Amino acid sequence: MVSNVGPDGSGHPGEGAEAPPAPGRPASRPPAVQEPTEPAQPLPPKDDQTDLNPPTATGVASAQQPSDQGQQGAYLTTAQGARLRDTDHSLKAGERGPTLLQDHHLREKITHFDHERIPERVVHARGAAAHGVFEGYGTADKITKAGFLAKGKQTPVFTRFSTVLGSRGSADTVRDTRGFATKFYTDGGTFDLVGNNMPVFFIQDGIKFPDIIHAGKPHPDREIPQAQSAHDTFWDFVSLHTEAQHHTIWNMSDRGIPRSFRMMEGFGIHTFRCINAEGATTLIKFHWKPKLGVHSLTWEEAQLACGMDPDFHRRDLADAIEAGAFPQWELGIQVFEDTPEQTFSGIDLLDPTKIVPEELAPVQPVGLLTLNRNPLNYFAETEQVAFHPGHLPPGIDVTDDPLLQARLFSYLDTQITRLAGPNFSQIPINRPHAPVNDMFRDGWHQDAVHSGVAPYRPNSLDGGCPFTAGVEDGAFIDVELKLPQAATKLRDQPASFDDHFSQARLFWVSMSPAEKDHIISAYAFELGKCYEKAIQERQLRCLARIDAELCGEVASRLGLPAPSPEESPAEVDPSPALSQAGHRWPVDGRKIGVVIDVDQPPEDIAGICRWIADQGMVGLPIAAHGGAVNGQPIERTFATCRSIEVDALLLAGSPPPAPDAPVPAGQAGSGSQQLDPRVTVLIDECFRQSKVIGVVGAGRTAFDQAGHHPGPGVVTGEDAVAVLGEITDQLAAHRVWSRYRPDQPSPA
Ligand code: HDD
């Protein structure tokens, strides 16, 4: 950072810049004035800045505008560029006297600080983001003229992931829907795909959005609970507005607690309308498919992470990108004929609480997203990025989905408060990479210096500029649609929107036994937190309409009678694509915790870590103390590591016994001493969370002392590489599902 660079470029004052403190004087007395030498870290060359400095609203490359540069020069200055000699002492009337009002630097510094916070997003406040690139496959050419989908076309992108309900400082691993919003800086104008990690939404009409959010956010009297749906108002809403039942069962499933942003699917949810070069239209739904597969935490892991590492997802994304393990997703589309009914296989395509099962309409890949660069500044980029479902390039248009229609209003409106005025698209992260020549003028935070005198059309004073474009110039042209002649103005919805339960059941019947058990536990936990019995009973009546077993199990855990269904659950065929279980995936970036001990030969430890790294995974050496063991840097100690941080565990040595652990009478040697209880907890948790556990040589002592026995997912042997090979193979399935025991509930 240039501002931190001292005159010698080291981050410290240059040699001789500051005289040694005189006796009795504070060491931080203002330094003597000193001419700086060249900074050690010169500003990046102009070429490197082009990504961060796309063309401005006036179409002038921002690198030509020095004011866009965050930090310039080596000297600390005021906001007006006056060089400062001292920023640590206010101007006083005498050393011990009062501070003077005339101290402009003091007032400017404090005033700016006082206004550093902006309102957080009303929803999706907590998020993490990354830059990347999207490359089209050219497979959608017949469906849309959107240029960014053309074969080999590369488009810069910025993707922000988020939770919905929590505030900016809430934990990452709470049970919630995740936002998955991508800004494509296309040549034809910015395209924002503002989706979620679940393919359906709570409500069918955007007019209810304030209501569902009021119900999900903390109670207005005590402002609790934070970032939770486990409370009365949430369950009151979803049991009364039963269209929410489908989204709710997704939330109660493993999808509500993803293992990583890198391992989530994404969905555009609404049906969009595409138009091709010949003017033909098609209806589509967008899907993001992660290359690493779709994986989740267990509820125990999610809760542990809320305390151990509330930034778990944010850290995971940034660490992976920094390590060069760039996450990737394929963008895919489901394609439907654009008929007047806008239905497919009896499913209303305008109802955002419905999916079209992939078995009926396969997802066709159209391009690849790679996230490859972390933001430089959280506030400037991740916080200030502003998405909008109405930011569409030529070739993609909206449909009349009433949820989408309300969103088209809301996103523009909210930025005016959040980003203080209508010029937020001039903030660098929001600037289109396509040239901009609008006729919007003035307003708060107007950065562009517009020339000309005639911001209206037609005009005869600015040479007629700007000109309007035709189809051949790549203009965005709204798809013309015939409206029914006899349409009545009314507040209502189609009868097809009234089926609220059949797809919730479709989801349920598509789950594996372990996934079903997780769903039951989630309902029981969340409803168990409600104070109002009437709300629990009403939600049980909803569950009875989804499935009798689900309802019965949840009811018994709540200690309530299971109601009979008001209507029999629908007959549905499962959709195997909805289950996360039963697949194998790449293991790139997976973490293997390696418990080592001081007696281990250094070449053993280094060899293990090298082997793990060679497979594209991360080895996390864990030992009794930090620093290094036999030359191997230690990443975690028994005090700082919990199971949540590892995907698999390797007991590579016999860790030392707990300090001061009593040696049972008549026994001697390390094998008979009590294992450090923190290692016991680590092994217990990994065992319970169905993680693969490898046991090599002396590691067996620790495993036995923790009280476990070899079985599914426990790989034992003397050869560390052979054990690691087996661990890696089993990791491809994420967890050892055959070890999962629903009858042995975990403590969380
Ligand atoms: Fe929304 C933010 C996703 C319905 C109103 N929404 C927001 C973000 C995501 C979504 C991912 C965060 C974007 C970011 O990272 O900055 N929202 C959705 C999805 C929806 C949806 C997938 C349904 C399919 N949203 C929805 C409705 C409304 C809103 C029906 C209002 C009528 N959403 C907003 C908002 C937010 C927002 C208030 C808050 C911050 C922002 O827009 O920029 O306008």
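The values are calculated or read from the model by the stated rules, or taken from the named source; none is laboratory data. Because the structure is a prediction, the values reported are computed rather than measured. Because the Cβ atoms are built from the backbone with ideal geometry, glycine has one as well, and the counts that use them run over all protein chains shown.
Restricting the search to the range 541-559, which residues are in a loop (DSSP other than H, G, I, E, B) and either farther than 11 Å from residue 528 by Cα or of a type in the set (Asp, Glu) (or both)?
Answer for the range 541-559, where residues must be in a loop (DSSP other than H, G, I, E, B) and either farther than 11 Å from residue 528 by Cα or of a type in the set (Asp, Glu) (or both): just 547.
Assuming residue 582 fulfils every condition listed in (1) surrounded by fewer than 17 Cβ atoms within 10 Å (Cβ to Cβ); (2) farther than 30 Å from residue 329 by Cβ apart from one, which condition is it?
The failed condition is (2).
Give the range 709-741 a look and list any residue that's free of Cβ contacts under 8 Å to residues at least 40 places away in the same chain, of a type in the set (Gly, Ala, Ser) and closer than 22 Å to residue 512 by Cα, or say none.
Listed by number, the residues that qualify are 711, 713, 738.
Which of the residues that make up the range 229-244 are buried (at least 20 other Cβ atoms within 10 Å of the Cβ) and in a loop (DSSP other than H, G, I, E, B)?
Scanning the range 229-244 gives 229, 231.
Please work out which residue is farthest from the ligand (Cβ to nearest atom), limiting yourself to the range 74-123 and to residues that are among the small types (Gly, Ala, Ser) and surrounded by 13 or more Cβ atoms within 10 Å (Cβ to Cβ).
The first filter runs over the range 74-123 and keeps only residues among the small types (Gly, Ala, Ser), leaving 74, 79, 81-82, 90, 93-94, 97.
Going one step further and asking which of them are surrounded by 13 or more Cβ atoms within 10 Å (Cβ to Cβ), we end up with 74, 90.
Numbers: 74: 35, 90: 38 Å.
Among those residues, the one meeting the criterion is 90.
Take the residues in the range 201-223 that are part of a loop (DSSP other than H, G, I, E, B) and within 8 Å of the ligand (Cβ to nearest atom), then tell me which one is surrounded by the most Cβ atoms within 10 Å (Cβ to Cβ).
Restricting attention to the range 201-223, the residues satisfying the condition of being part of a loop (DSSP other than H, G, I, E, B) are 201-205, 217-223.
With the extra rule that they be within 8 Å of the ligand (Cβ to nearest atom), the set shrinks to 201, 203.
Working: 201: 26, 203: 22.
That would be 201.
Restricting to the range 425-445, count the residues that are within 12 Å of the ligand (Cβ to nearest atom) and either more than 24 Å from residue 146 (Cβ to Cβ) or charged (D, E, K, R) (or both).
Within the range 425-445, residues that are within 12 Å of the ligand (Cβ to nearest atom) and either more than 24 Å from residue 146 (Cβ to Cβ) or charged (D, E, K, R) (or both) number 0.
Filter the range 245-275 down to residues that are within 17 Å of residue 407 (Cβ to Cβ) and assigned to a helix (DSSP H, G or I), then give me how many there are. Give the derivation first.
Taking the range 245-275 and keeping what is within 17 Å of residue 407 (Cβ to Cβ), we get 247, 266-273.
Checking the rest, the ones that are also assigned to a helix (DSSP H, G or I) come to 247.
Number of matching residues: 1.
Kindly indicate the residue of the range 281-327 that is of a type in the set (Asp, Glu) and in a loop (DSSP other than H, G, I, E, B) and also nearest to the chain's Cα centre (by Cα) among those meeting that condition.
So, considering only residues that are of a type in the set (Asp, Glu) and in a loop (DSSP other than H, G, I, E, B), the one nearest to the chain's Cα centre (by Cα) is 311.
List the number of the failed condition for residue 90; all other conditions in (1) part of a helix (DSSP H, G or I); (2) of a type in the set (Ser, Thr, Tyr); (3) at pLDDT 95 or above hold.
Answer for residue 90: the failing condition is (1).
On the basis of being under 28 Å from residue 119 (Cβ atoms), acidic (Asp, Glu) and not assigned by TED's automatic domain parsing to the domain that holds residue 342, does residue 462 make the cut? Working first, answer last.
On the way: under 28 Å from residue 119 (Cβ atoms): no; acidic (Asp, Glu): yes; not assigned by TED's automatic domain parsing to the domain that holds residue 342: yes.
Against the criterion (under 28 Å from residue 119 (Cβ atoms), acidic (Asp, Glu) and not assigned by TED's automatic domain parsing to the domain that holds residue 342), residue 462 does not qualify.
I'd like to know if the range 385-403 contains one or more residues that are within 16 Å of the ligand (Cβ to nearest atom), assigned to a helix (DSSP H, G or I) and surrounded by 17 or more Cβ atoms within 10 Å (Cβ to Cβ).
Yes, because at least one residue in the range 385-403 is within 16 Å of the ligand (Cβ to nearest atom), assigned to a helix (DSSP H, G or I) and surrounded by 17 or more Cβ atoms within 10 Å (Cβ to Cβ).
Show me the helices (runs of 4 or more DSSP H) entirely contained within the range 663-748 in which 1 or more residues are more than 29 Å from residue 589 (Cβ to Cβ) and modelled with pLDDT under 95.
Passing ranges, in order: 677-688, 699-705.
Condition check: away from the ligand (no atom under 16 Å from the Cβ), surrounded by fewer than 21 Cβ atoms within 10 Å (Cβ to Cβ) and closer than 22 Å to residue 636 by Cβ. Does residue 307 satisfy that?
yes
Could you go through the range 485-493 and let me know if any residue there is farther than 26 Å from residue 294 by Cβ and surrounded by 14 or more Cβ atoms within 10 Å (Cβ to Cβ).
Keep residues of the range 485-493 that are farther than 26 Å from residue 294 by Cβ, which gives 485-493.
Next, only the ones that are surrounded by 14 or more Cβ atoms within 10 Å (Cβ to Cβ) stay: 493.
Yes, the range 485-493 contains at least one residue that is farther than 26 Å from residue 294 by Cβ and surrounded by 14 or more Cβ atoms within 10 Å (Cβ to Cβ).
Just the residues that are small (Gly, Ala, Ser), touching a Gly at 6+ places or on another chain (Cβ under 9 Å) and closer than 21 Å to residue 185 by Cα, please, taken from the range 449-482.
Matches in the range 449-482: 474 only.
Could you count how many residues in the range 614-638 are under 28 Å from the mean Cα position of the chain (by Cα), more than 21 Å from residue 263 (Cβ to Cβ) and in a loop (DSSP other than H, G, I, E, B)?
Looking only at that region, the number is 1.
In the range 348-358, is there at least one residue being over 15 Å from residue 158 (Cα atoms) and away from the ligand (no atom under 16 Å from the Cβ)?
yes
Checking the conditions here, which among 588, 597 is acidic (Asp, Glu), touching a Ser or Thr at 6+ places or on another chain (Cβ under 7 Å) and surrounded by 17 or more Cβ atoms within 10 Å (Cβ to Cβ)?
Residue meeting the stated conditions: 597.
If I ask for residues that are closer than 30 Å to residue 354 by Cβ, of a type outside the set (S, T, N, Q) and near the ligand (Cβ under 8 Å from one of its atoms), which ones from the range 404-424 would you list?
404, 406, 407, 409, 411, 413
Quick one: how many residues across the range 156-173 are part of a strand (DSSP E or B) and within 12 Å of the ligand (Cβ to nearest atom)?
Adding up the residues that qualify gives 6.
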